[in-house]
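Please read the structure below before turning to the comments.
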Amino acid sequence: MINAAQRPLLLVGHGVILAGAEAALRELAERTGTPVVTTLLGIGALPQTHALNLGMAGMHGEVYANLAIQEADTIMAVGTRFDDRLTGTVHAFAPKAAIIHIDVDPAEIGKNVPVDLPIVGDAEAVLRRLLPLVQPASHPEWLQQISAWRATSAECDVLNQCTEGLMPQYVMRCLCEATHGQALMVSDVGQNQMWEAQYYVHERPRGLISSGGQGAMGFALPAAIGAQIAQPNVPVWATVGDGGFQMNMQELATVVQEGLPIKMAILNNGCLGMVRQWQEMFFAGRYSGSILSGPDFVRVAEAYGILGLRVTEPEETQSSINRAMAHDGPALIDFRIPPQENVYPIVGPGRALEQMIRRPVAVLEPVVEPET
Ligand SMILES: Cc1cc2nc3c(=O)[nH]c(=O)nc-3n(C[C@H](O)[C@H](O)[C@H](O)COP(=O)(O)OP(=O)(O)OC[C@H]3O[C@@H](n4cnc5c(N)ncnc54)[C@H](O)[C@@H]3O)c2cc1C
Ligand SMILES: Cc1ncc(C[n+]2csc(CCOP(=O)(O)OP(=O)(O)O)c2C)c(N)n1
Ligand SMILES: [Mg+2]
């Protein structure tokens, strides 16, 4: 099936990283000229700047990554369980593709999505046995088609637009630049989690820890504590919303007590942003329980003896990140972002992957010359 494919696609999940199969995956992708999309938890299985990596697919994935799924004729899914955030409505998922599913757990085969060829086994072991069987190939037309989609749906269009205020996407990109895509990022849940996935360019495996489908707000700070203890010499950043941070901020005491140099970035929008966004887009703007009050996070940090910084202007972002990184110990930055900012693109509930809602482009009023 792989050798016969005209529009092949690798759909890469967490199982590839758990199996340590990153090198085998890369060999397979390069030998067969196959583009790669990942799940949220598959991020980092292939460096995000690799030419064949299209990035994350799914509800908040790249438009062109989702179009690649919908137009592929052969999908090799490796170590993913086809979560509903990945598939959109399952009935319309990958309508043109024959699906090969490599997974260690037989219970996952055909659970959410019908599969044409199941291979049950550890991803590393299976890929290694597969590699000698696949013929070298290239698919220039297919890659050109994807490049054309990419040109019109670039992930950073918000960064290229004239935006006002401190944008969360910009904050994430600055964090990425300051850490060269090599930090151990631990994300919480909600809009902040999606902006992390979209705008931090992960260049190494296991560079992102996220609670995945469980979606447990409050996860990031305690998980970052565990990560920093396990990897004392690696820079660890917890990226978290103002809601999720308040669910476990008592753990700042543990951070101090254990002497951990964790850096924390709170994307503070004054609301339970992901819920507010759904109420705006899918519930006619009926905001219920989603506007949130909170403490002064800088003073909370200081109360624990932690360096606390506040950023309200884009120009302060880089210097504050650098200051936090240069600080010998834990540091917290309270980024004040606009409450109305939404995560785009988004596949609405019950929708197919190609029905993505894109960020509305700001239309500038034409300049009317005054009559003289
Ligand atoms: C607000 C929100 C939005 C989200 N949006 C998205 C989105 O847009 N896109 C997205 O992808 N996700 C999104 N997610 C995450 C989503 O819910 C799932 O957590 C994610 O898609 C699961 O990825 P996975 O299947 O790769 O990993 P897992 O759920 O960890 O599944 C791993 C799979 O690999 C298999 N496996 C394990 N070990 C091995 C091995 N050694 N060899 C082979 N197979 C193995 C397992 O059996 C399992 O099938 C979102 C979550 C939230 C909370
Ligand atoms: C413990 C828990 N409660 C509720 C939810 C449902 N939920 C998902 S995202 C979200 C909002 C998160 O708000 P915040 O932490 O401020 O992040 P933002 O979306 O604003 O970035 C909520 C309430 C959840 N995932 N976990
Ligand atoms: Mg919030």
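The values are calculated or read from the model by the stated rules, or taken from the named source; none is laboratory data. Owing to the predicted nature of the structure, the values given are computational and were not obtained by experimental measurement. Note: ideal-geometry Cβ built from the backbone for every residue, glycine included; neighbour counts use all protein chains shown. Protein only, heavy atoms only, side chains kept; ligands, DNA and RNA dropped before computing areas. Shrake-Rupley method; radii C 1.70, N 1.55, O 1.52, S 1.80 Å.
How big is D, in µm² s⁻¹, for region 267-364 by Stokes-Einstein at 20 °C and 1.002 mPa s if Rh is the Kirkwood radius over C-alpha pairs?
Stokes-Einstein gives a translational diffusion coefficient of 134 µm²/s.
Would you list S187, S288 from the most to the least accessible area, probe 1.4 Å?
S288, S187
For the chain, give me the percentage of DSSP beta bridges that are antiparallel, rounded to the nearest 5 percent.
5
Ignoring ligands, DNA and RNA, please state the percent of accessible area on region 1-73 from carbon and sulfur, probe 1.4 Å.
In region 1-73, the share of accessible area belonging to carbon and sulfur is 54 percent.
Could you run the Debye sum over the Cα atoms of region 1-82, one equal point scatterer each and no solvent, and tell me log10 of I(q)/I(0) at q = 0.12, 0.26 Å⁻¹, two decimals?
-0.28, -1.40
How large is the charge dipole for the chain, taken about the Cα centre, if only the Cβ atoms of Lys, Arg (+1) and Asp, Glu (-1) carry charge, to the nearest 20 debye?
680
So if a site counts as exposed when it's one of the chymotrypsin sites (Phe, Trp or Tyr not before Pro), its DSSP state isn't H, G, I, E or B, and it has at most 13 other Cβ atoms within 10 Å, what's the longest stretch of the chain without one?
Free of exposed loop sites, the longest segment is 1-282.
Nearest 20 debye, what's the magnitude of the dipole of region 77-181 about its Cα centre given +1 on Lys and Arg Cβ and -1 on Asp and Glu Cβ?
200
For A303 and A23, what does the FRET efficiency come to when R0 = 56 Å and r is the distance between their Cβ atoms, rounded to the nearest 0.05?
0.75
What is region 1-142 by shape, rounded, prolate or oblate, if you read a ≥ b ≥ c off the alpha carbon gyration tensor as root eigenvalues and call it rounded for a/c under 1.5, prolate for a/b larger than b/c, and oblate otherwise?
rounded
Convex hull over the Cα atoms of region 124-266, averaged projected area in nm²?
Approximately 12.1 nm², given one-decimal rounding.
In square nanometres and to one decimal, what's the mean projected area of the convex hull around the Cα atoms of the chain?
21.5
Express the Stokes-Einstein translational diffusion coefficient of region 209-301 in µm² s⁻¹, to the nearest whole number, given a Kirkwood radius over alpha-carbon pairs, 37 °C and a viscosity of 0.692 mPa s.
228
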